[in-house]
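A short reminder: the numbers here are calculations on the coordinates, not readings from a lab. This one's a predicted model, so the numbers in the text were calculated from it and none came from an experiment. A quick note on method: Cβ atoms are made from the backbone with ideal geometry, for glycine too, and the neighbour counts reach across all protein chains shown.
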Amino acid sequence: MKAIKKIIIPLLFAYYILSGICIAQVHIPNNPNYDLKPYHFGFMLGVNQMNFAIKPTDRLTDTLYGIEPHPQLGFNIGIVSDLRLTDYINLRFIPSLAFGERTLDYFIKYSDGTIVTTQKKVESTYIQFPLELKLKSERMVNFRAYVLTGFMYCIDLASQAKKVQETKDYVVKLYKSDFQYEFGVGFDFYLVYFKMATELKMCYGLKDLLVRDKSEYTNDIDRLNSKMFQFSITFE
């Protein structure tokens with residue numbers, strides 16, 4: 001959590017500085033014909049928190065007392081492709097790479113009543129293919145708000161779905177592909193030579209990712225879905 005604050009706080013500070021610049025230039029519209037272009041390109045930089053949504057079975061076994069996921073900090077890089085559909089709707093395709101990690105805490109109860117916590121790390125390197133609709137507000141000189149929604153197909157390059165388990169070092173395995181729903185909000189800032197945007201987005205996985213191998217680490221999980229929070233800055 002401290003690492004997240006160290007990154008997000010400077011980003012938010014930059015956001016407020018840039019918004020102040022735009023407000024100060026309220027009578028000087030930058031790039032007045034920018035939104036009339038049929039398409040444009042750019043790049044995206046972001047930080048993320050990958051996590052899991054876990055649904056346990058109706059009854060846990062005698063050995064597994066509980067499961068708790070913990071998010072970790074990661075980052076995203078991507079290329080922005082934007083197509084103008086109407087004055088207020090754009091279609092966006094942002095192929096990107098997302099690097100991140102999650103941990104799962106397993107609380108295992110033994111016959112003598114003692115509970116031992118076992119932690120398993122799950123790393124992911126996703127190639128993401130999001131297709132989004134961007135719904136924009138009216139432009140206010142050098143500022144515009146928007147919401148977005150869409151779906152994203154992901155391929156996990158770090159997937160160990162086919163890994164042979166070792167008794168000494170058990171690995172929680174996830175399937176390689178995922179399909180996610182996205183929803184977010186953002187703000188466009190029209191600067192002199194380009195447009196910058198800040199964006200907050202949530203992604204929810206629709207697919208059960210857990211590879212079940214009849215072990216105590218998987219038997220009591222009914223569904224395991226991915227979810228991710230992302231803060232990003234785009235330059236277009």
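Numerical summary
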| item | result |
| --- | --- |
| Those GluC sites (Glu not before Pro) in segment 161-233 that DSSP places in a loop and that have at most 14 other beta carbons within 10 Å | E166, E216 |
| Proximal charge balance of M196 [Cβ under 9 Å; K/R count +1, D/E count -1] | -1 |
| Surrounding net charge for Y153, when Lys and Arg each add one and Asp and Glu each subtract one, Cβ distance under 12 Å | -1 |
| Counted charge near E68, where neighbours are those whose Cβ lies closer than 12 Å (Asp, Glu -1; Lys, Arg +1) | +1 |
| Residue exposure sequence - S159, S137, S226 - by fewest surrounding Cβ within 10 Å | S137, S159, S226 |
| Loop-located trypsin sites (Lys or Arg not before Pro) in segment 44-121, at most 12 other Cβ atoms within 10 Å (DSSP) | R59 |
| Efficiency of FRET from Cβ geometry, L157 and F235, R₀ 30 Å, rounded to 0.05 | 0.70 |
| Loop chymotrypsin sites (Phe, Trp or Tyr not before Pro), segment 160-236, which have at most 16 other Cβ atoms in a 10 Å radius of their Cβ (DSSP) | Y170, Y175, Y193, F194 |
